[in-house]
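Notes to accompany the following structure.
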Amino acid sequence: QVQLVESGGGLVQPGGSLRLSCAASGRSLDYYVIGWFRQAPGKEREGVSCLSLREGSTYYADSVAGRFTTSRDNANTTVYLQIHSLKPEDTAIYYCAAVATPHIYYYCSGYVISQGWQYWGQGTQVTVSS
């Protein structure tokens, strides 16, 4: 069992930056792929990025490429999502999810698939407003 806890959300102005954290309890994520998702009220959940902790490979959705960066700490217990140049349309609840797989391509290629993830965090709210 892996417990994931997101943090770092809040209210920010357009153009600002924010770093979200996804912390794992109980074990490292050495052999996991971590996905970041977001969901705005009344909208479908959208996958935004992926990170393979074993190899360090990443994937970004077209809607966030160039503004979002995902990374990990040295112990492989925390994954980050650094967001720059925030826009009002970035407002959503942000979730992290984990799946034990070496195949980032299967989950994150062209888009981030919504099904098959083993663990989900509770979400953290990001609000972008002037």
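The values are calculated or read from the model by the stated rules, or taken from the named source; none is laboratory data. Only a predicted model underlies this, so the values are computations on that prediction, with no experimental measurement involved. Virtual Cβ from ideal backbone geometry, glycine too; neighbours counted across all protein chains shown. Side chains are part of the model used for accessible areas, which takes the heavy atoms of the whole protein and leaves out ligands, DNA and RNA. Shrake-Rupley method; radii C 1.70, N 1.55, O 1.52, S 1.80 Å.
Net charge in the neighbourhood of GLY16 (other residues with Cβ under 13 Å of its Cβ; Lys, Arg +1, Asp, Glu -1) is +2.
Using alpha carbons only, what's the Rg to Rh ratio of the range 1-78 with Rh from Kirkwood?
Working: Rg = 13.3 Å, Rh = 13.8 Å.
My calculation of the ratio gives 0.97.
In the elastic network of the chain, a GNM with C-alpha springs shorter than 10 Å, the most mobile of VAL99, VAL48, VAL64 is VAL64. Backbone phi angles across the range 42-51, fed through the Karplus curve with coefficients 6.51, -1.76 and 1.60 (θ = phi - 60°), yield HN-Hα couplings of x, 10, 6, 5, 10, x, 10, 7, 9, 9 Hz in residue order; Gly and Pro are listed as x. The fraction of accessible area contributed by carbon and sulfur in the chain is 46 percent, rounded to a whole number (1.4 Å probe; ligands and nucleic acids excluded).
Which chymotrypsin sites (Phe, Trp or Tyr not before Pro) in the range 36-122 sit in a loop by DSSP (not H, G, I, E or B) and have at most 14 other Cβ atoms within 10 Å of their own Cβ? Hits after loop and neighbour filter: TYR111.
Working note: Karplus 6.51/-1.76/1.60 with θ = phi - 60° gives the range 8-15 the couplings x, x, x, 9, 9, 7, x, x Hz, where Gly and Pro are set to x. With contacts taken as Cα pairs under 8 Å and at least 6 residues apart, the chain reaches a relative contact order of 36 percent.
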